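The values are calculated or read from the model by the stated rules, or taken from the named source; none is laboratory data. Computed from a prediction, not measured in an experiment: that's the story for all the values here. Note that each Cβ is placed from the backbone with ideal geometry, even for glycine, and that neighbours are counted across all protein chains shown. When the accessible area is computed, the model is the full protein with side chains, heavy atoms only, and any ligands, DNA or RNA have been set aside. Shrake-Rupley method; radii C 1.70, N 1.55, O 1.52, S 1.80 Å.
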Amino acid sequence: QMWEEAIALGKELAEQYENEMFDYEQLSELLRKQAQFYENIVKVIRPKPDYFAVGYYGQGFPTFIRNKVFIYRGKEYERREDFEARLLTQFPNAEKMKTTSPPGDDIKNSSGQYIQCFTVKPKLDLPSKFHRPVSEQIVSFYRVNEVQRFEYSRPVRKGEKNPDNEFANMWIERTIYVTAYKLPGILRWFEVKSVFMVEISPLENAIETMQLTNDKINNMVQQHLNDPNLPINPLSMLLNGIVDPAVMGGFTNYEKAFFTEKYMHEHPEDHDKIEKLKDLIAWQIPFLAEGIRIHGEKVTEALRPFHERMEACFRQLKDKVEKQYGVRAVVSYLLILRFLNITNLRLRSRFGSGEVPVCLRDLPSLKSPISSSSVAFVLEPLLPKKMHSRSQDKLDKDDLDKDKKEKKKEKRNSKHQEIFDKEFKSTDISLQQSEAVILSETISPLRPQRPKSQVINVISSERRFSVSPSPPSSQVTPPPITPRTKLSFSIQSNLELNGMSSSDIPDVPPPLPLKGSMADYGNLMESQDLISPTTSPPAHQRVSP
């Protein structure tokens with residue numbers, strides 16, 4: 001199920017099929033497979049394997065693993081106990097260590113075999129191509145694949161023990177393991193090449209825990225928005241564990257430990273971190289609101305009392321947080337998608353089937369908070385000008401300029417319309433209001449005429465291939481035809497299509513309205529010396545196309 005790796009190999013094969021072997025049949029089959037892989041990435045939920053750190057200590061092991069630590073990739077849904085049992089079958093005389101701290105020299109230099117095994121957490125290392133927030137279904141692959149750094153956190157208590165609040169003095173001792181190669185690779189285990197340790201203060205641990213909780217809510221909400229058929233049991237447990245203070249206590253312990261005057265006086269350097277923790281607490285409310293809304297839509301009648309109790313707890317929590325830490329607004333993900341879809345349809349109907357300037361890839365995902373400012377930045381090309389954040393003076397100035405341009409445009413159009421009406425009314429042609437415009441290729445009489453025999457031949461051939469439905473008239477004399485010198489295009493009305501004969505049409509077409517340059521008439525001129533831009537275009541003879 002590592003479809004991302006299959007897609008990378010498929011792209012190499014596609015290059016060979018397309019540009020080297022020219023095997024388009026194999027190429028089409030390969031591209032269909034790639035399309036299926038992309039669909040699987042988005043829709044299929046893949047199991048996440050665990051990673052285990054294994055240390056082999058003692059002189060009784062072979063030299064290539066003696067006193068070394070390795071990171072193993074477990075099988076799907078494999079627990080640590082099962083992995084340890086599978087590992088100890090290879091070394092039946094080995095003794096399992098009870099602690100996770102590094103052993104001393106007495107164990108390393110002993111003649112026995114000691115195995116230390118514990119679970120480590122892979123550290124996400126996103127590729128550089130993900131320079132903007134993307135769907136959790138896409139990111140989830142890189143949380144357990146293509147990883148090279150692993151961490152193990154161990155709680156350590158410093159200072160006096162506080163029986164009322166254990167978070168006040170609980171530090172985290174985090175060990176980082178870096179392997180020789182990324183996992184998984186050609187093997188399911190690689191040697192650890194470097195190890196270093198960092199300490200995390202209780203306040204930093206609280207910030208990290210709140211951030212992870214918010215991310216977990218966002219990820220689950222996004223999964224339910226993408227797939228409405230998911231079961232709601234995991235969502236119910238997650239939401240109830242946060243909004244019900246009787247289950248986990250929520251963030252009340254953080255308030256007792258870090259939001260007191262005593263702590264702020266003893267740790268003035270943590271002021272920015274405290275504000276960050278408050279901000280994370282405030283941001284959790286709109287995320288919980290979205291999760292509870294989805295839960296209310298999918299809950300069954302049997303779980304309706306449970307949902308109502310959860311809603312009551314959430315209302316109390318919301319009132320308290322918004323009163324103390326302010327209000328945060330998150331725009332509904334589905335609302336934005338619906339707005340963008342409607343706007344895209346309107347833009348396509350206006351501008352055609354070309355590329356619409358707004359697409360869904362510009363929409364920030366629920367991975368990060370969607371504030372009103374970020375939404376305004378995304379939807380700015382779609383909003384009316386009056387909604388843009390500009391001063392009133394700038395708006396007034398733009399309105400004046402717009403009015404001036406409109407007046408000039410109306411004046412120019414009215415002058416052209418006057419000239420056109422004056423010259424057009426001089427002719428006796430009563431054109432219909434909606435006439436068909438047909439581009440016909442005509443021939444200008446700029447060279448000597450052909451002999452009469454050639455003219456008769458040309459006329460007969462034109463009658464043979466003519467598509468005009470007008471009835472033949474014996475009174476119409478054929479116009480003189482000269483050799484082709486240039487192409488010009490004229491507008492032919494649909495009077496012939498309506499049953500009128502060509503004898504009812506004058507020989508001279510109506511003059512075109514005056515324009516600024518000859519390019520507006522649509523005539524292809526060979527030389528500027530033939531016709532001056534100030535003179536009217538020559539009267540073309542009308543022939544059947």
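Magnitude of the Cβ-charge dipole of the range 71-174, K/R +1 and D/E -1, about the Cα centre, nearest 20 debye?
Dipole size: approximately 280 debye.
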Candidate cut points under GluC sites (Glu not before Pro) in the range 1-61, DSSP loop plus at most 11 other Cβ atoms within 10 Å of their own Cβ, are GLU20
Which sequence of LYS182, LYS193, LYS278 reflects their accessible areas, 1.4 Å probe, from the largest down? LYS193, LYS182, LYS278
Quick one: what are the phi-derived ³J(HN,Hα) couplings along the range 170-184, Karplus 6.51/-1.76/1.60 with θ = phi - 60°, whole Hz, x for glycine and proline? 9, 8, 10, 9, 10, 9, 9, 10, 10, 8, 5, 9, 6, 10, x
Using the beta-carbon distance between GLU308 and SER128 and R0 = 51 Å, what value does 1/(1 + (r/R0)^6) give for FRET efficiency, to the nearest 0.05? 0.60
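Quick one: putting +1 on the C-beta of Lys and Arg, -1 on the C-beta of Asp and Glu, what dipole do you get for the range 225-332 around its Cα centre, in Debye to the nearest 20? Display every interim value, and only then the final one.
Values: 14 positive and 17 negative charges, 50 e Å.
Computed about the Cα centre, the dipole is about 240 debye.
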Near TYR17, within a Cβ-to-Cβ distance under 13 Å, what is the net charge of the other residues, with Lys and Arg +1 and Asp and Glu -1? -4
Note, ³J(HN,Hα) from phi for the range 301-315, Karplus 6.51, -1.76, 1.60, rounded to Hz, x at Gly and Pro: 5, 5, 9, 4, x, 4, 5, 5, 5, 5, 5, 5, 5, 5, 4
Excluding ligands and nucleic acids, what accessible area in Å² is computed for MET2 using a 1.4 Å probe, to the nearest 10? 70
Once ligands and nucleic acids are excluded and a 1.4 Å probe is used, how much of ARG79 is accessible, expressed in Å² to the nearest 10? 140
Once the piece of chain linking ASP105 and ASN162 is laid out straight, how much longer is it, given 0.36 nm per residue of separation minus the C-alpha distance between them? 17.0 nm
Rg (one decimal) and Dmax (whole number) from the Cα set of the range 95-211, in Å, equal 17.9, 54
Two pseudo-spin positions, 7 Å from Cα along C-beta at ALA329 and at ALA289, lie apart in nanometres by 1.0
Out of the GluC sites (Glu not before Pro) in the range 142-244, which ones are loop residues according to DSSP with at most 13 other C-beta atoms within 10 Å? GLU160
As computed over the range 190-282, the Cα convex hull volume per residue (Å³): 167
If I stretch the segment between ASP23 and GLU76 completely, what's the gain in nm (0.36 nm per residue apart, minus their alpha carbon distance), one decimal? 15.3 nm
Can you list the residues, at least 5 places off or on another chain, whose amide H is less than 5 Å from the amide H of ALA180, using H built in the peptide plane? GLU191, LYS193
Cα centroid separation - the range 161-184 against the range 50-95, whole Å: 22
Of the cross-linked pairs LYS48/LYS320; LYS43/LYS276; LYS98/LYS193; LYS75/LYS161, which ones have a Cα-Cα span greater than 30 Å in the structure shown? LYS48/LYS320; LYS43/LYS276; LYS75/LYS161
